[in-house]
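Worksheet: one structure, shown below.
The values are calculated or read from the model by the stated rules, or taken from the named source; none is laboratory data. Note that this is a predicted model, so its numbers are computed, not measured. For neighbour counting, all protein chains shown are included, and Cβ atoms are generated from backbone atoms with ideal geometry for every residue, glycine included. Only protein heavy atoms, including side chains, enter the accessible area calculation; ligands, DNA and RNA are left aside. Shrake-Rupley method; radii C 1.70, N 1.55, O 1.52, S 1.80 Å.
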Amino acid sequence: MQEMSRSGTAGELRLDALIADLWWRVRLLNTDILEEEAKGGVFDVLAPTYPLLALNLRARRDNLVATIGVLEQRANSMSEAA
């Protein structure tokens, strides 16, 4: 049997912590993207001289945001089931 707490099961708490950590990483990636854009002096993603590292960081960030969306749906369904 899972351990219970005031805000739900231990699994829900771990999932909430994971989601919070992933949002923190998204914020870090946003900062890194802005840094790379500033270094290159190019802020338009469609420009041919847009920094490659910034493009890669954007892809990582977008993947994390999509993953967070799936995890948030799972967390919501877990809390509804409880």
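Per residue of the range 15-22, what does 6.51 cos²θ - 1.76 cosθ + 1.60 with θ = phi - 60° give for ³J(HN,Hα)? Whole Hz please, x for Gly and Pro, Karplus curve as stated.
5, 4, 5, 4, 4, 4, 5, 5
Please give the net charge around residue 58, taking every other residue with its beta carbon less than 12 angstrom from that of residue 58, where Lys and Arg add +1 and Asp and Glu add -1.
The answer is -2.
Express in nm, to one decimal, how much length is gained between residue 9 and residue 42 on full extension, taking 0.36 nm for each residue of separation and deducting their alpha carbon distance.
Answer, rounded to one decimal: 7.2 nm.
Find out how many positive minus negative residues lie around residue 34, taking Lys and Arg as positive, Asp and Glu as negative, among other residues whose Cβ is under 14 Å from that of residue 34.
Around residue 34, the surrounding residues sum to -1.
Could you give the semi-axes, largest first, of the ellipsoid that matches the range 7-48, computed as the square roots of 5 times the alpha carbon gyration tensor eigenvalues and rounded to whole Å?
The three semi-axes for the range 7-48 are 36, 9, 5 Å.
Given the options 47, 66, 20, which has the most mean-square fluctuation in a GNM of the chain, springs set between C-alpha atoms less than 10 angstrom apart?
Top of the fluctuation ranking is 47.
Evaluate the charge dipole of the chain about its Cα centre and quote only its size in Debye, nearest 20, assuming +1 on the Cβ of each Lys and Arg and -1 on the Cβ of each Asp and Glu.
80 debye
Quick check: at a probe of 1.4 Å, how many percent of the accessible area of the chain sits on carbon and sulfur atoms?
Ligands and nucleic acids excluded, carbon and sulfur give 58 percent.
Could you go through the range 25-38 in sequence order and give the Karplus-derived ³J(HN,Hα) for each residue, using 6.51 cos²θ - 1.76 cosθ + 1.60 with θ = phi - 60°, rounded to whole Hz, and x for Gly and Pro?
Once rounded to whole Hz, the list reads 5, 4, 4, 4, 4, 4, 5, 5, 4, 4, 4, 5, 5, 5.
If the chain between residue 24 and residue 77 were fully stretched, how many nm would it gain, using 0.36 nm times the residue separation less the Cα-Cα distance?
In short, 16.8 nm is gained.
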